[in-house]
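All remarks here apply to the structure that follows.
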Amino acid sequence: MAMMNAHNKEYLKLVASNTPKTKHISTMLSSFIVGGLICCLGQGINDVYMLWLPHLSESTIKSLVSVSLFLIASTLTCIGVYDKISEFGGAGAIIPITGFANSIISPAIEHRREGIIGGLCSNMFIIAGPVLVTGIVISVLIGFFTLVFSGAPLI
C-alpha cells in the first residue's frame, strides 16, 4: 500500500511539472475584452436597427440583433476567423450567442464531405443539441417547481 502511494505521489509530481501554468489575469482580461466587444457589436447593431427601422417593435429588433450576430459568427466560422477569436477570447467568445452559432456551424463544416443529410444536417447539433435539451428540461423543471411552491392554484 505504501509503495502505491509513493507511485501516486511521483505521478502527481510529474503531472504538476508538465502541466502548463495558466495565466489567470491575461486569460480573464482577453475574455472580458472579446466578450465586451461582442456585446458592443450587438448594441451597435441594435442602435442601427432602431434608427433604420423605427416602425418595428423593440422585441422584433432584439430578435433581428440575435439573428444578425448569429449570421456574423456563422460567416466568421466558415472563413476560419471565429476560431482565432475563440482561441484568444476563450469564454468571452464562447458564451454569447456567437459561440452558440460557432458550436452549430463547426461540426457541420467538419462533416460536409459526408453529404447534406448525413454530414451537415445530422452533425449540426452534435455539440449544441445536448445544451439545448438540458436547458429546456431545466427550465421546465424550474417553472414547474415555481408554480407548485408559489401557492398559486394549479387549476
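The table below gives the values:
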read-out: Unique match (being modelled with pLDDT of 85 or more, open to solvent by 100 Å² or more (accessible area, probe 1.4 Å) and under 30 Å from Glu87 (Cβ atoms)) among Leu41, Leu37, Leu64; value: Leu37
read-out: Odd one out for Thr77 among (1) at pLDDT 85 or above; (2) in contact with a Gly (Cβ under 8 Å, 6 or more places away or on another chain); value: (2)
read-out: Total residues in the stretch 6-34, condition closer than 13 Å to Ala91 by Cα and surrounded by 10 or more Cβ atoms within 10 Å (Cβ to Cβ); value: 8
read-out: Residue pairs meeting the criteria (Cβ under 7 Å; at least 6 apart or on separate chains; first farther than 13 Å from Ser68 by Cα, in the stretch 39-55; second assigned to a helix (DSSP H, G or I) and not charged (D, E, K, R)); value: Met50/Ile61; Leu53/Ile61
read-out: Flag for Pro54 being open to solvent by 100 Å² or more (accessible area, probe 1.4 Å) and of a type outside the set (Val, Ile, Thr); value: no
read-out: Single residue of the stretch 84-97 satisfying the filter (over 16 Å from Met28 (Cβ atoms) and modelled with pLDDT of 90 or more) that is most open to solvent (accessible area, probe 1.4 Å); value: Lys84
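The values are calculated or read from the model by the stated rules, or taken from the named source; none is laboratory data. Every value quoted in this text rests on a predicted model; they were computed, and no experiment measured them. In this analysis, Cβ positions are derived from the backbone assuming ideal geometry, glycine residues included, and neighbour counts consider all displayed protein chains. For the accessible areas, the whole protein counts, side chains as well, though only heavy atoms, and no ligand, DNA or RNA atoms are used. Shrake-Rupley method; radii C 1.70, N 1.55, O 1.52, S 1.80 Å.
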